[in-house]
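Report on the following structure.
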Amino acid sequence: MCGIAGVVSADRPDPCLVRRMCDVLAHRGPDGEGFHEDAHAALGMRRLAIVDVPGSDQPVYNEDRTVVAVFNGEIYNFPALRRELRDRGHRLATNGDTECLVHLYEELGDELVHRLRGMFAFAIWDGRRRRLLLARDRVGKKPLYWRTEGGTLWFASELKALTRDPALRREVDLVALHHYLTYQYVPAPWSILRGVHKLPPGHLLSWQDGVAVTARYWRVDCTPRDVASEEEAAEEVRVRLLDATRVRMVSERPLGALLSGGIDSSAVVAAMARHSAGPVKTFSVGFDDESLDERRYARMLARHYGTDHHEMVVTSSALEVLPALSWHYNEPFADSSSIPTFHLARMTGEQVTVVLNGDGGDELFGGYLRYLLMARAGRVPGLTFLRAPLDRAGSALAARGAPRSALQRAGRAIGLLGHPAPRRYARLMSSFTSEQKTALYSGPLRASLTDVDSHGLLDDAFAASRAGSVLGRVMDVDLNTYLPGDLLVKMDTATMANSLEARSPFLDHHLVEWAAGLPPRLKVRSGTTKYLLKKAVEPWLPPGLVTRPKMGFGVPLARWLRTDLADLAWDVLTDHTARSRGLFRPEAVRGLLRRHAGGHDHAGRIWALLQFELWCRVFLDPPVPGIDHDLASRP
């Protein structure tokens, strides 16, 4: 596991810049560093050593050193690949996975990605052809940013590494900001900085002769297929999950699991226990709000398997990490569960180096309550002729309800009825609606975004899906948008900030591809979410865990923004610095704050604005005298 960076150019790149870029990635790789330099390429990396700890330093080379690679991630099928490469006559100098890349490239060229089972972002420099190949794994576990200008290309694992180049103009991409306010994250291929891009999941980028070209190499096929029986399908879930867990337990460093007490993480811990000779180390986080605290369920599973269990409680005092979060997340990121995730990763990283989690179970097997809502709403045609009054009534009702309350859910459901399925889902996933953004924006910002429709991103994702039902398409859309844009960013950033590697058995691409084609009736049935997964893992779990209600992983944000965070939000969002950006109408921002303080729920929208402003102060604003603004020294 590493952080990678580099520059390729027709001219000789600056190797000192690449070293500065890697310095800012030191948290991703505290165990070592390595660099390659030639007339047209400078590559660098920081290493978190997990497999072949003493031997697999990077960069890695082929036999004649004409092909070089830097790599972030894990290739779980590397033993089989190494045997195959040796049989073909390749000489391997290490015992790890990274070296497979250069030799597979020699054999297969760009097609090597189809042979990799794992999570990865890598760069391969072909010195003979003066060609760079960048790749990102199928589902987007590992990040990769890039930019090009004047025939030169820069890339890095994190956006802040690219900002080490003084030639990069730090200007907000207004389209990215528009999308961020809708979804609470900046979706690929945008980044929050103009001219910088994220390589989307399942994509390659090739650079040669100053020209960069991206291409998609993988998309899961959600075409539904029949299954012989529920019992056989449940057994297949168990077999595939056990195999995906087994290969992710290979590590020369201490290993554990994040345990929320939900079905997904509990199933992963149960699978780990079946492969482990000793107690599994498990780590949980809870809250002082009982309605959000799942620790009792995590303890139930921990006792059942006799794990070495550790837990912590997150209170509003945990908000002291907000400046560190702005720095580590690189872009505005408004999923408030990043706070407990960061604290959990910090606690976990003090004891282990590798941790398994349950990410992906909801998207594969139908775990979110919104899937149930969309399945039911799919039976109701879009009442487009009543769209405006339904929107108004639904918004007014939802604003009166507490977060996740029946009143709030009813209001949101009413507002959906005036829209077709893709727009219904877009509204479910939106923090700000289009109308709310229009009311928020200053005149110049509104004029610059007249023709930009953030909901069109989900329209396109719906249209590209091969799923045969509304439910199937919604889940496919999540696999391509919400999962890589929000959940995987949250986990990768929080864990790597604490030099901790996170692995996700549910996101093994063999399991993803198999689960994607299951009929919807095995995912959501008669008001039950994750029907097949629950049936499959029920024999592994203690009584009561499978039937417990889903709670989600949230923080009491609405309450915090009326109490402990109220002054901070008001001060940061209404002071001269925020107003001087000229992006939002000050009276609209103040109105949001006042209405939230008065009992309406605008927590998600206020949090999104707060995270954007905090990000601006870390990355855009000039240093304040007496405060260290050197990015390399940030927490």
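The values are calculated or read from the model by the stated rules, or taken from the named source; none is laboratory data. Fair warning: this is a prediction, and the values are worked out from it, not measured in the lab. As a convention, Cβ positions derive from the backbone with ideal geometry for all residues, glycine included, and neighbour counts pool all protein chains shown.
Name the residues in the range 269-294 that are under 25 Å from Ala536 (Cβ atoms), within 26 Å of the chain's Cα centre (by Cα) and assigned to a helix (DSSP H, G or I), would you?
Hits for the range 269-294 are Val269, Ala270, Ala271, Met272.
Can you tell me which residue within the range 501-510, out of those that are out of contact with any Ser or Thr (no Cβ under 6 Å at 6 or more places or on another chain) and surrounded by 21 or more Cβ atoms within 10 Å (Cβ to Cβ), is farthest from Pro422 (Cα to Cα)?
Looking at residues that are out of contact with any Ser or Thr (no Cβ under 6 Å at 6 or more places or on another chain) and surrounded by 21 or more Cβ atoms within 10 Å (Cβ to Cβ), I get Glu501.
Test of understanding: among Thr493, Thr450, which residue is crowded, with 16+ Cβ neighbours inside 10 Å and either among the β-branched types (Val, Ile, Thr) or modelled with pLDDT under 95 (or both)?
Thr493
Run Leu174 past the list (1) at pLDDT 95 or above; (2) buried (at least 18 other Cβ atoms within 10 Å of the Cβ); (3) out of contact with any strand residue (DSSP E or B) (no Cβ under 7 Å at 6 or more places or on another chain) and report the number of the one that doesn't hold.
Condition not satisfied by Leu174: (2).
Scan the range 232-268 residue by residue and report those that are without any contact (Cβ under 8 Å) to a residue 60 or more places away in the chain, more than 15 Å from Ala515 (Cα to Cα) and in a helix (DSSP H, G or I).
Of everything in the range 232-268, just one residue is without any contact (Cβ under 8 Å) to a residue 60 or more places away in the chain, more than 15 Å from Ala515 (Cα to Cα) and in a helix (DSSP H, G or I), namely Arg246.
Specify the residue that is farthest from Val618 (Cα to Cα); the eligible residues are those in the range 324-364 that are outside any helix (DSSP H, G or I) and of a type in the set (Ser, Thr, Tyr).
If we take residues in the range 324-364 being outside any helix (DSSP H, G or I) and of a type in the set (Ser, Thr, Tyr), then Thr353 is farthest from Val618 (Cα to Cα).
Identify the single condition in (1) outside any loop (DSSP other than H, G, I, E, B); (2) over 30 Å from Thr148 (Cβ atoms) that Asp226 does not satisfy, given that it satisfies every other one.
Answer for Asp226: the failing condition is (1).
Going through the range 43-72 one residue at a time, which ones are among the small types (Gly, Ala, Ser) and surrounded by 24 or more Cβ atoms within 10 Å (Cβ to Cβ)?
Within the range 43-72, Gly44, Ala69 qualify.
Does at least one position in the range 93-112 carry a residue that is in contact (Cβ under 8 Å) with a residue 60 or more places away in the chain, in contact with a strand residue (DSSP E or B) (Cβ under 6 Å, 6 or more places away or on another chain) and either part of a loop (DSSP other than H, G, I, E, B) or more than 24 Å from Ser9 (Cα to Cα) (or both)?
Looking for residues that are in contact (Cβ under 8 Å) with a residue 60 or more places away in the chain, in contact with a strand residue (DSSP E or B) (Cβ under 6 Å, 6 or more places away or on another chain) and either part of a loop (DSSP other than H, G, I, E, B) or more than 24 Å from Ser9 (Cα to Cα) (or both), one finds none in the range 93-112, hence no.
Checking the conditions here, which among Asp97, Asp87 is more than 23 Å from Ser504 (Cβ to Cβ) and acidic (Asp, Glu)?
Just a single option satisfies the conditions, and that option is Asp87.
Only one of these conditions is not met by Ala69: (1) of a type in the set (Gly, Ala, Ser); (2) in a loop (DSSP other than H, G, I, E, B); (3) at pLDDT 95 or above. Which number is it?
Of (1) of a type in the set (Gly, Ala, Ser); (2) in a loop (DSSP other than H, G, I, E, B); (3) at pLDDT 95 or above, only one is false for Ala69: (2).
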